[in-house]
Amino acid sequence: MGHSDRERCSFCGKSREEVKRLISGMNNAYICFDCVKICNDMVESYEENEIPEDLFPREGAARAKNLTPKKIKEYLDQNIIGQEVAKKFVSVAIYNHYKRIRLKDSTIEKSNLMFVGPTGTGKTLLAKTIAKILDVPMVIVDATSFTEAGYVGDDVENILYYLYINSGYDLAKTQIGVVYIDEIDKIARKSGEVSSSTRDVSGEGVQHALLKIIESNGVNIPIRGKRGLSDTMFVDTTNILFIAGGAFSGIENIISQRLGKKSIGFKDSDSKSKLNNEKSSEIESDREGEVLYNLSQDDLIKFGMIPELIGRFPVIVPFHNLNESDIRRILTEPKNSYLKQYIKLIESEGVTLTITDSAIGEIVKKVVSKKVGARGIKSVLDEIMLDIIFEVPENPNIKEVVITPEVVRGGKPIFVEGKKRRSLY
């Protein structure tokens with residue numbers, strides 16, 4: 001056996017021929033240049049990762065010191081309509097996460113969050129609002145775009161690289177950022193209780209790959225250097241908050257079976273036939289919401305999530321379907337609601353946009369009928385406003401546009417002619 005066979009890096013195991021330089025130490029110990037660089041990155045990251053004195057620089061230290069779960073929920077209430085239970089869960093989790101960072105106490109478990117509920121119920125919006133509260137960088141990724149190592153697709157380590165980009169290439173900010181992994185339910189293994197004997201590119205394999213960056217204290221990520229993706233950087237993930245979200249369609253039946261109750265859902269034709277047609281969908285949504293409040297980690301495992309990954313998300317946050325009252329509030333209350341955006345757009349032409357209360361009620365019904373939650377609001381309003389936006393800028397004689405229930409149902413908008421108000425631009 002030659003010297004080169006014995007001379008290997010004590011850390012990565014590469015031989016002298018496989019590395020640029022091998023440094024020898026006492027007792028036949030060696031370290032290669034690559035491992036030296038990784039160690040140096042680790043030291044620098046720990047030195048740079050000093051938690052800022054104030055995580056709320058725009059609003060001052062007073063708010064940071066007075067942060068409480070109730071104050072967090074008050075802020076959430078200003079941005080998110082409904083989902084009272086979810087907002088309470090999140091308020092407490094964010095408070096605990098904030099205190100954990102400030103106390104620099106790793107013995108306090110990190111409050112990674114798992115959002116479970118139908119599409120269009122505010123999961124992504126709530127995640128974005130969390131990042132605003134903590135005033136940290138955030139990245140939103142789709143779980144279905146990633147593959148386990150060795151397959152064509154995005155590597156999970158790139159999630160942290162995207163967060164690094166969103167932090168303005170600031171490592172310290174990256175290491176206290178928020179990662180939101182959407183569509184997490186789409187990578188559930190095909191059989192909830194039996195692991196596949198082959199590598200699953202789109203399911204279990206990706207879950208294991210995600211687990212590596214979530215459970216570890218640090219990850220070496222590829223970064224774009226002068227010659228492409230040739231360099232790596234160590235990112236400490238200890239204080240990165242991971243949030244996963246998904247609809248988990250059908251999980252209500254798993255919960256009901258565990259509780260010994262009759263399965264529910266839109267396929268429950270016997271019970272549905274007994275309901276009044278006008279109220280059936282609303283009642284069914286309420287029942288589904290109630291069942292989700294009994295959601296456990298075991299239910300998610302039975303759905304097809306691996307136990308190791310679910311164990312890294314100790315806080316499970318249920319989201320219920322939005323009812324007509326919720327949709328109406330989302331439509332009319334927020335300062336930046338789509339409806340108010342259209343009103344401003346028309347007013348910028350010097351024209352008044354009038355929407356009758358009964359028309360708003362008709363819009364709400366149309367949104368609910370789409371069964372995609374608040375996501376249906378934009379598509380419904382875009383359809384209503386198409387002819388209005390097309391006509392108003394060209395016609396100097398229009399002073400007011402009136403939207404009635406008939407217009408919402410597909411009728412022509414009412415254009416009132418007269419002298420325009422002064423244009424806003």
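Does any residue of segment 338-346 turn out to be in a loop (DSSP other than H, G, I, E, B) and either within 30 Å of GLU84 (Cβ to Cβ) or assigned by TED's automatic domain parsing to the domain that holds PHE248 (or both)?
Step one: list which residues in segment 338-346 are in a loop (DSSP other than H, G, I, E, B), which gives none.
Among the residues of segment 338-346, not one is in a loop (DSSP other than H, G, I, E, B) and either within 30 Å of GLU84 (Cβ to Cβ) or assigned by TED's automatic domain parsing to the domain that holds PHE248 (or both), which makes the answer no.
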Q.
Can you find, within segment 171-192, the residue that is modelled with the lowest pLDDT among those that are under 19 Å from GLN207 (Cα atoms) and in a loop (DSSP other than H, G, I, E, B)?
A. GLY192
Q: Say whether the condition of being among the basic types (Lys, Arg) and not assigned by TED's automatic domain parsing to the domain that holds LEU241 is met by at least one residue in segment 303-323.
A: no
(Q) Pairs needed: first member in segment 412-423, farther than 10 Å from ILE398 by Cβ; second member anywhere, of a type in the set (Lys, Arg) and modelled with pLDDT of 75 or more; C-beta distance under 8 Å; at least 6 residues apart or different chains. (A) LYS419/LYS399; ARG421/LYS399
Q) Of (1) surrounded by 19 or more Cβ atoms within 10 Å (Cβ to Cβ); (2) within 27 Å of MET114 (Cα to Cα), VAL351 satisfies all except one. Which? A) (2)
Q.
If I ask for residues that are in contact with a Phe, Trp or Tyr (Cβ under 7 Å, 6 or more places away or on another chain) and modelled with pLDDT under 90, which ones from segment 135-154 would you list?
A. ASP135, GLY153, ASP154
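Test LYS365 against the stated conditions and say whether it is outside the structural domain of GLY122 (by TED's automatic domain parsing) and under 30 Å from HIS320 (Cβ atoms). Show your work before the answer.
On the way: outside the structural domain of GLY122 (by TED's automatic domain parsing): yes; under 30 Å from HIS320 (Cβ atoms): yes.
For LYS365, the condition - outside the structural domain of GLY122 (by TED's automatic domain parsing) and under 30 Å from HIS320 (Cβ atoms) - is met.
Kindly establish whether VAL416 is part of a helix (DSSP H, G or I) and hydrophobic (A, V, I, L, M, F, W, C). Walk me through how you get there before you give the answer.
Details: part of a helix (DSSP H, G or I): no; hydrophobic (A, V, I, L, M, F, W, C): yes.
Considered against the rule, which asks whether it is part of a helix (DSSP H, G or I) and hydrophobic (A, V, I, L, M, F, W, C), VAL416 comes out as no.
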Q: Go through segment 93-148 and count every residue that is more than 28 Å from PRO334 (Cβ to Cβ), assigned to a loop (DSSP other than H, G, I, E, B) and charged (D, E, K, R).
A: 5
Q | Extreme residue, surrounded by the fewest Cβ atoms within 10 Å (Cβ to Cβ), among residues of segment 392-401 that are in a helix (DSSP H, G or I) and out of contact with any helix residue (DSSP H, G or I) (no Cβ under 9 Å at 6 or more places or on another chain) | A | GLU394
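Can ILE389 be described as modelled with pLDDT of 90 or more, within 30 Å of ALA247 (Cβ to Cβ) and not in a loop (DSSP other than H, G, I, E, B)?
Details: modelled with pLDDT of 90 or more: yes; within 30 Å of ALA247 (Cβ to Cβ): no; not in a loop (DSSP other than H, G, I, E, B): yes.
Answer is no for this residue.
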Q. Could you list, in sequence order, the residues of segment 354-373 that are in contact (Cβ under 8 Å) with a residue 40 or more places away in the chain, among the small types (Gly, Ala, Ser) and either crowded, with 20+ Cβ neighbours inside 10 Å or within 23 Å of THR121 (Cβ to Cβ) (or both)?
A. GLY361, GLY373
Q: Filter segment 310-365 down to residues that are in contact with a helix residue (DSSP H, G or I) (Cβ under 8 Å, 6 or more places away or on another chain), small (Gly, Ala, Ser) and over 24 Å from TYR75 (Cβ atoms), then give me how many there are.
A: 4
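The values are calculated or read from the model by the stated rules, or taken from the named source; none is laboratory data. These numbers come from a predicted model, not from an experiment. So basically every Cβ, Gly included, is an ideal-geometry build from the backbone, and we count neighbours across all protein chains shown.
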